[in-house]
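Everything on this sheet refers to the single structure shown next.
The values are calculated or read from the model by the stated rules, or taken from the named source; none is laboratory data. The structure presented is a predicted model; accordingly, all values stated were derived computationally and were not measured. Note that each Cβ is placed from the backbone with ideal geometry, even for glycine, and that neighbours are counted across all protein chains shown.
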Amino acid sequence: MMNSLPDNNMLLERTPDLVAADLDGELVMMNAEAGRYYGISGVGARAFELLESPISFEGLVETITHEYDVETDKCRRDLQAFVQELMANGLVRQAN
């Protein structure tokens, strides 16, 4: 499993066997393989929604900075940490 920071052009996507549902504005996911539940809200839920189809890390940054009032550098730093955590928990992977 890859735990390093994502390369700007690396295509990322949700792990295919992940089950996700919106519960009152919070995205709740279950990694069936690990038997664990996760919850994401706010900007994180939007970023995770974008990962439904393969998208580059830079594409994530561009979309989030366009849709939310956030500076590009801060967005990039926050998304790097977020994506790294998602990858470490098996929720996101490098797209083939």
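Descriptive notes on the structure:
- Considered as a group, the residues in segment 50-63 that are out of contact with any Leu (no Cβ under 7 Å at 6 or more places or on another chain) and not hydroxyl-bearing (S, T, Y) include one that is surrounded by the fewest Cβ atoms within 10 Å (Cβ to Cβ), and that residue is E52.
- Looking across segment 11-23, the residues that are within 13 Å of the chain's Cα centre (by Cα) and among the hydrophobic types (A, V, I, L, M, F, W, C) come down to L11, L12, L18, A20.
- Output for segment 64-88, where each listed residue is surrounded by 14 or more Cβ atoms within 10 Å (Cβ to Cβ) and either under 20 Å from L18 (Cβ atoms) or hydrophobic (A, V, I, L, M, F, W, C) (or both): I64, V70, C75, L79, F82, V83, Q84, E85, L86, M87
- Which numbered condition E26 misses (of (1) surrounded by 13 or more Cβ atoms within 10 Å (Cβ to Cβ); (2) within 17 Å of N96 (Cβ to Cβ); (3) modelled with pLDDT under 90; (4) in contact with a Ser or Thr (Cβ under 6 Å, 6 or more places away or on another chain)): (2)
- Taken together, the residues in segment 12-51 that are farther than 16 Å from E85 by Cβ and in contact with a Lys or Arg (Cβ under 6 Å, 6 or more places away or on another chain) amount to 0.
- Selection within segment 39-96: residues that are among the aromatic types (F, W, Y) and in a helix (DSSP H, G or I). The member of this set that is nearest to E26 (Cα to Cα) is F48.
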